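Structure record follows, encoded as structure tokens.
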Amino acid sequence: MLEDRKLTRRGFVGAALVGSMGVAASSFLAGCSAPEAASDKGAESWDEEVDVVVIGSGGAGLAAAVEAANAGASVIVLEKTNIVGGDSTLCDGILGGWGTKLAKAQEIDVSADEVYDWFMGHPDWYGPKDPEVARVLADKSGETIDWLQEIGVAASSKKGDVRIKANKGVVMATGSYAGSPAMLAQLNAESAHLLPGSNPGATGDGLAMAMDIGAYTARASELPLMSSLAGVESGSIVNWNYYERLHGLWLDANGERFFNEETNYENPNGHRAIVRKQNEQGTQVIAFIGTTPELEAVLAVRPIEWATGETVEEVAEAVGLDGAKVKATVERFNSLCETGEADDFGRPAEFMVPLTGPFYAAPISVSTSVTMGGFRTNTEAQALKLMAPTKDGSLTSPIPGLYAAGVACEWNCAAGATVLCAVTLGRIAGQNVAKETPAA
Ligand SMILES: Cc1cc2nc3c(=O)[nH]c(=O)nc-3n(C[C@H](O)[C@H](O)[C@H](O)COP(=O)(O)OP(=O)(O)OC[C@H]3O[C@@H](n4cnc5c(N)ncnc54)[C@H](O)[C@@H]3O)c2cc1C
């Protein structure tokens, strides 16, 4: 069966189903379709043969490669960009685990159950998780940090179209689609104006290939929405609710407030409120701030190049809003701060600080650096297919020889744990693919 197939994406399916996989590297990987010359060749004419092919060189892919190689498998890592590392090299470096050597040295006492509860928390923010996969990711999170501290990774690249036979299997570790405005708009209409926050290689190739081969994908259109950035246009960017908490107001095209501006950055509902308002009115939402100690701390290290002035009206008009309307909004907000009355939008009392000048304003852009959907795997990192109920009640079964890890998979963790979970599932994938029996 395999021998008859050309190495198109369909050929990839066939290969997957018989447990021995072939991949035509470079343009296949870049464009998710086989190069003509390669697809014309028969499956017997491989350029290279290895035990394991890993697609994607981010944290998940490299972890899979290291583990597979440590288990004695020959491995090739394919990377479509000319930079190794994907989003895993852009990440802010927040790694949440428990029981690590570092934590023990500092007498930090967190349990696996607490990490698991954190992953499973806030289904209203991040949707449902697979409890079994989340459990494994939580249990192994500390071990992964210790492992990372002990390894080093070297990688190399090749040019040209290459057909590679993977005798034991393939690990899909192609990351998210949060680097592609087109894919973001395609999969989630609400995010058509979203700022892509990932590396340009994050174009959802893995997700497209998963769908093409009939793998079970879940939550493909879901995004966590990670940042609300004001001042992108002027190049003077403030990450609104992250580490620079510049308290202020979000204003719609009428110069009115519409949401609790102090919604924590991890809660995507704040970012979502901005995106939805922007889509509804067809123009960007405006961040409007007064002078606070937080702003002065920022100004002490770098200028904020936004519209600025001594009066509310002049700053509002500089960003295209009606000065009188914004003045009324600011006066209403300031009076709530002073009288201690409940805020119209549920903003906590501690953040009810009156706005005083000089004032600053800039449009807000929302971005995401992660997507939530992709391959559904089991706890062994095997990519699954969905089936009509079998006699024993099963609804899924592993696709032989196909593993997946990282953000190419369904998201089963919490904000700040993505890279660590990518590495953890990548390690599991690498350990297991190396144990596969080579195809005859
Ligand atoms: C700015 C930023 C900050 C972040 N901060 C944090 C943080 O503090 N903590 C945290 O936990 N997470 C954070 N994240 C998220 C986290 O970094 C990523 O979700 C995680 O690293 C993804 O790992 P991965 O291996 O699945 O994908 P990636 O690291 O993105 O790797 C995927 C690789 O696959 C390659 N690829 C794609 N398609 C193909 C193809 N067809 N053929 C070959 N190669 C392909 C890509 O080019 C890329 O190199 C952040 C992300 C960003 C962008």
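Computed from the coordinates by the stated procedures, all read-outs in this text should not be read as laboratory data. Values in this document were obtained by computation on a predicted structure and should not be read as measured data. Cβ sites come from the backbone with ideal geometry, for glycine too, and all protein chains shown count toward neighbours.
Distance cut-off 24 Å, Cα to Cα: go down the list Lys129/Lys435; Lys129/Lys168; Lys101/Lys435; Lys101/Lys140 and report the pairs above it. Before the final figure, lay out each step's value.
On the way: Lys129/Lys435 28 Å; Lys129/Lys168 29 Å; Lys101/Lys435 29 Å; Lys101/Lys140 13 Å.
Checking Cα-Cα distances, Lys129/Lys435; Lys129/Lys168; Lys101/Lys435 exceed 24 Å.
Report the full-extension gain for the segment Glu256 to His122: residue separation times 0.36 nm, less the Cα-Cα distance, to one decimal in nm. It would help to have the intermediate numbers written out before the result.
Working: separation 134, 0.36 × 134 = 48.24 nm, distance 2.90 nm.
The span from Glu256 to His122 would gain 45.3 nm if fully extended.
From the helices alone, meaning DSSP H stretches of at least four residues, give me the mean residue ellipticity at 222 nm for the chain, per-run term -39500 (n - 2.57), in deg cm²/dmol to the nearest 500. Intermediate results must be reported in sequence, preceding the final value.
Values: 16 runs with 145 residues, N = 440.
It comes out at -9500 deg cm²/dmol, rounded to the nearest 500.
How would you order 221-231, 253-263 from highest to lowest mean count of nearby Cβ atoms within 10 Å? It would help to have the intermediate numbers written out before the result.
Numbers: 221-231: 22.1, 253-263: 19.6.
Listed from highest to lowest mean packing, they are 221-231, 253-263.
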Set the Förster radius R0 to 41 Å, insert the Cβ-Cβ distance between Lys325 and Glu305 as r into 1/(1 + (r/R0)^6), and round the FRET efficiency to 0.05. 0.95
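Find how much the distance from Asn264 to Ile151 grows on full extension, using 0.36 nm per residue of separation minus their present alpha carbon separation; answer in nm with one decimal. Walk me through the numbers before you get to the answer.
Numbers: separation 113, 0.36 × 113 = 40.68 nm, distance 3.49 nm.
So the chain would gain 37.2 nm between Asn264 and Ile151.
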What angle, in degrees between 0 and 90 and rounded to the nearest 10, separates the Cα long axis of helix 323-339 from the longest principal axis of the Cα atoms of the chain? 90 degrees
Quick one: if the Förster radius is 35 Å, what FRET efficiency do Thr379 and Val353 give, using the C-beta to C-beta distance and rounding to 0.05? 0.15
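May I ask you to derive the FRET efficiency for Thr396 and Asp344 from their Cβ-Cβ distance with R0 = 41 Å, giving the value to the nearest 0.05? Intermediate results must be reported in sequence, preceding the final value.
Numbers: r = 47 Å, r/R0 = 1.16.
Computed FRET efficiency for Thr396 and Asp344 comes out at 0.30.
On average, how much area does the Cα convex hull of the chain cover when viewed from any direction, in nm²?
Details: hull surface 97.0 nm².
Over every viewing direction, the Cα hull of the chain projects on average to 24.2 nm².
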